[in-house]
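The values are calculated or read from the model by the stated rules, or taken from the named source; none is laboratory data. Since we're looking at a predicted model, the values are computed, not measured. Here the Cβ positions follow ideal geometry from the backbone for every residue, glycine too, while neighbour counts run over all protein chains shown.
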Amino acid sequence: MQTRPSRLYLPKFDSAPETIFRYLLARFPQVDAATWRERMSRGAITLSDGTTLNEDSPYRHGVTVFYRKEVRSEPALREDPAVLYRDEEIIVVDKPHGMPVTPSGQHIERSLFIRVQRMTGLPDLTPVHRLDLDTAGLVLFTIKENARAAYSRLFAEGRIQREYLAVGHVNTPPQQASWMVPASSANRKETSVAASHGIDRMSDCRRPVLPHTHKTARSGSASSAPCATACLR
């Protein structure tokens, strides 16, 4: 199955580079010239005017470059995602720990987005929200383009809530029942974390109620390090 390519719009410059190839070298310094030349030799980079990019293609403001990210050696896949729910508009997927939602860095083919595309054969999937790399949990994708706005609005209006469960292992019982976790970025609020000695709450959360009252979850893996799990309500 052919996945959707990445897009790069060529902006307007007062002093533009002579070729698109030179712009790509400046725009992506982590990718060397030999790699771009090898991709161009395979016809793997195309333009919005229908032509294939070559080293001499002149830079033109307004043109879009289509390419697919490639990584020679990606990290090993720890666990495959699992589809928990699917209907005509959406698909809900259980994302494992250590897997990014969208292609980034050294995770391209092993990103959740690409894995689910290949598992389902659905080319127009779009994730409605994100989870961090090390957070496991449920991710909601839309299948049809005309459904994206409605489900994005549910998140924006707070009608779908995200609940995170942090699981850790300690040698001695905690001396307090809750902790305040400071915000790690400007977009995240200070959070209260409560201690719990049972897992009934997580196992109860595992039953999805869809499509209109989303209540889905995933329990964290049992490892010696703390892990986070996301729950949609």
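The residues listed here are ILE90, ILE20; of these, the one that is assigned by TED's automatic domain parsing to the domain that holds MET119 and of a type in the set (Val, Ile, Thr) is ILE90. Taking the stated definitions as given, is GLU89 in contact (Cβ under 8 Å) with a residue 12 or more places away in the chain and farther than 26 Å from ALA33 by Cβ? Yes, satisfied. When ILE91, ILE45 are checked against the criterion of being buried (at least 18 other Cβ atoms within 10 Å of the Cβ) and within 21 Å of the chain's Cα centre (by Cα), a single residue qualifies: ILE91.
Within the stretch 25-36, restricting attention to residues that are assigned to a loop (DSSP other than H, G, I, E, B) and hydrophobic (A, V, I, L, M, F, W, C), the residue that is modelled with the lowest pLDDT is VAL31. Given (1) in a helix (DSSP H, G or I); (2) surrounded by fewer than 19 Cβ atoms within 10 Å (Cβ to Cβ), identify the lone condition not met by GLY98. Just one mismatch for GLY98, condition (1).
When you go through ARG60, ARG78, ARG39, ARG22 one by one, which is the residue that is within 28 Å of TYR9 (Cβ to Cβ), in contact (Cβ under 8 Å) with a residue 12 or more places away in the chain and part of a loop (DSSP other than H, G, I, E, B)? Lay out the reasoning, then the answer.
On the way: ARG78 fails: within 28 Å of TYR9 (Cβ to Cβ); ARG39 fails: part of a loop (DSSP other than H, G, I, E, B); ARG22 fails: part of a loop (DSSP other than H, G, I, E, B).
None of the others qualify; the one that does is ARG60.
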